[in-house]
Amino acid sequence: MDVSSCFCQDSENGSQCSKRITEASQIRPALPLLDADFLNDTKVLEIAKGAKEFNVPIIRANRKLVASVNGGLHNPSPLVFNPEWSTERSQDKASGFNHPLPSGIQRPNNEDDIAFMSVLELGELIKNKQISSEELTGIFLKRLRRYNPVLESVVTYTVDLAYQQAKAADKLLSQGVYLGPLHGIPYGLKDIISVPNYKTTWGSTTFKNQVLSIEAWVYKRLKSAGAVLVAKLVSGSLAYDDIWFGGRTRNPWNIEEFSTGSSAGPAACTSAGMVLFAIGSETVGSITYPAARCGVTALRPTFGSVGRTGVMSISESLDKLGPFCRSAAYCAVILDAIRGKDPDDDSSRDIPFGDPFSVDITKLTVGYLDDADMEVVHVLESKGVKVVPFKLKYTVDSVQGILNFTMDVDMLAHFDEWQRSGKDDDYEAQDQWPLELRRARVVSAVDYMQAQRARGKLIQEVKENFNVDAFIGNATDWERVCMGNLVGLPVTVVPTGFKNIPNPPPTVTRRRTTINTGIYAPPNHDHIALALAMAYQSATNHHKQRPPINDLGPNDTVPNPPAVPIPPRRLHL
């Protein structure tokens, strides 16, 4: 007996049977998209009836309740990812890091030299009133204006706010109040982080005029530390890669190429000395890739270290905020200022990190992978670190797929209205979010949950095989980037040198390709990765080099990018 006769044997008449067969045949082509084409026609019609009568009304009610506004800023999921490996809850309270205090610092005569001083050195100049925050703010605003036409890395100059905060910092200092190493220090925020009265564009044509009244938690933390916000920096459109509504952000070390990664503006501006530090974000690769390309030090912290209130959400179990700086020591200072429990972000935690400035690295065992930069290995070994060959083993072979299921489905939940209203047609790169989110539309809830179970298996296997204190390896290996973000591992990206650019011009060029590595630690052990990076940088100077934006080399011409303008003597901002 064929399927249709079996299917129709209890039908009241032939026309009703024919109608049911037709309906089942219309639905069946969609089932392979869900890997569910094992169902017979009777079950297919039961699914259709149940979906129409039960599922769809609930779906629409929920969407109306929580998904009418894009970006995931409101109504977060109560399902919270915790990367903690220990089963015991620490009773320790997080205490501040004891960073070194520079002494004998003198103000340079040259503004370029001032711009490339360390956060701690400039903090000392401000504290000793060798330079005011207001003057320093003016220097960095001028640099932002000067280099942005080349790098396309700034969305909004927060001029009025910057001078207001700088004057307030100077006034406090005149009253004998010093807030710490970030007092009066200019910085930038990736433009997915909301600041009241200024646009938060998410890098997207659709949202380029959006002003949010939310004060992001990380901005609050930096404001309370006395830091001065000078600019909202480029995010790739909806935090995807380096293309945004105003162009495409370039790499200061080689302005012929782009910065990669959605934290494009923070990486490029930090590299070019346009800000002293910047806050970026990573869901998968958006801190590690641009930091590596632009030759800066950056920290992707343990998931949950930094609160995300007021930040556009891609995935609530993957999104992290972290600092771009010129050294690991600066990263430690910034992490100390922004970490802690955000009362409106359930995934954030008050993690009792050790003090990276007090770690005895001679007691550490550090593994190195096949793709580790061996200079880092040898330097750390010379400083007393026990270094051993290492392979991080796990059997889960679908790491990249787990990442995509998690990220894309979560992102679609936050931008459901955007897709349904057809705004994705205006997106800057159709092969990016639009394509991925259309695919995510047909990931079933069952298969999403199976991906999370596979993620749990991955986490357990990584935990069991992470038998060193830290390991060194390529920071941009895609499998490792996906694994690290799924597990919640912190990594410090460290510049380790330079090499010639591909296809250099026949004449001398100063443009370079940066070389880097990653130092990875278990969750909640960011201080270990930072301490090792600081030890390496204490013996090398790769992180102190300046990109050749002003002087590419004799007769080196780069097509397309505009020339760097010569700054006027007085710049009205």
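The values are calculated or read from the model by the stated rules, or taken from the named source; none is laboratory data. What you are looking at is a predicted structure, and each value in this text was computed from that prediction instead of being measured. Note that each Cβ is placed from the backbone with ideal geometry, even for glycine, and that neighbours are counted across all protein chains shown. All accessible areas refer to the heavy atoms of the entire protein, side chains included, with ligands and DNA or RNA removed. Shrake-Rupley method; radii C 1.70, N 1.55, O 1.52, S 1.80 Å.
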- Which order do peptides 111-119, 224-232, 136-144 fall in by mean Cβ count within 10 Å, highest first? 224-232, 136-144, 111-119
- Heavy atoms only, probe 1.4 Å: what % of the accessible area of segment 406-510 goes to carbon and sulfur, would you let me know? 51 percent
- Task: Using the structure shown, list the pairs from K19/K64; K223/K320; K423/K457; K190/K544 with a Cα-Cα distance above 30 Å, or answer none.
- Result: K19/K64; K423/K457
- Message: Please compute the modelled spin-label separation between L179 and S86, points set 7 Å along Cα→Cβ, answer in nm with one decimal.
- Response: 3.2 nm
- Starting from the amide H of S347, placed 1.01 Å from N in the peptide plane, find each other amide H under 5 Å away whose residue is 5 or more places distant or on another chain. none
- Message: Report the gain in length on full extension from Q106 to T362: 0.36 nm times residue separation, minus Cα-Cα distance, nm rounded to one decimal.
- Response: 88.8 nm
- Return the sequence-ordered ³J(HN,Hα) values of segment 363-368 in whole Hz as given by the Karplus equation 6.51 cos²θ - 1.76 cosθ + 1.60 applied to θ = phi - 60°, using x for Gly and Pro. 9, 9, 10, 10, x, 10
- Item | Gain in span if fully extended, R28 to K220, counting 0.36 nm per residue against the direct Cα distance | 63.9 nm
- Task: Take V442, project a point 7 Å from its Cα along the Cβ direction, then tell me which residues of segment 29-72 have their backbone nitrogen under 13 Å from it.
- Result: 29-37
- Task: Go ahead and run the numbers for FRET between K19 and V211, Cβ-Cβ distance against an R0 of 30 Å, rounding to 0.05.
- Result: 0.05
- Item | Label of the coordinate-derived value, volume of the Cα convex hull per residue in Å³, listed as (1) 148; (2) 184; (3) 171 | (2)
- Local electrostatic count at E417 - Lys and Arg +1, Asp and Glu -1, tallied over other residues with Cβ under 13 Å: +3
- Task: List every residue whose amide H lies under 5 Å from the amide H of W244, counting only residues 5 or more places away in sequence or on a different chain, with H placed 1.01 Å from N in the peptide plane.
- Result: S237, T249
- Antiparallel DSSP beta bridges within the chain, percent to nearest 5: 70 percent
- Item | Net +/- balance of residues flanking K320 in space, Cβ distance below 9 Å, scoring K and R +1, D and E -1 | 0
- Item | Fully extended contour minus Cα-Cα distance, from R248 to L79, at 0.36 nm per residue | 57.3 nm
- Message: Between segment 151-199 and segment 308-333, how far is it from one alpha carbon centroid to the other, in angstrom?
- Response: 18 Å
- Arranged from highest to lowest average of other beta-carbon atoms within 10 Å per residue, in what order do the peptides 436-442, 474-480, 46-52 appear? 474-480, 436-442, 46-52
- Message: Please report the spacing between the Cα centers of segment 31-82 and segment 405-432 in Å, no decimals.
- Response: 17 Å
- Please give, to one decimal in nm, the separation of the simple spin-label points placed at F498 and D426, each 7 Å out from Cα toward the Cβ. 4.2 nm
- Query: Local charge sum around H99 (other residues, Cβ-Cβ under 11 Å, Lys/Arg +1, Asp/Glu -1)?
  - Reply: -2
- Query: Which FRET efficiency value, to the nearest 0.05, is calculated for K544 and D37 with the Förster distance at 56 angstrom and r the Cβ-Cβ distance?
  - Reply: 0.40
- Which cross-chain or sequence-distant (5 or more) residues have an amide H under 5 Å from the amide H of I515, H modelled 1.01 Å from N in plane? T496, G497, F498, K499
- Might you tell me the accessible area per residue for the chain, computed with a 1.4 Å probe and given in Å²? 43 Å²
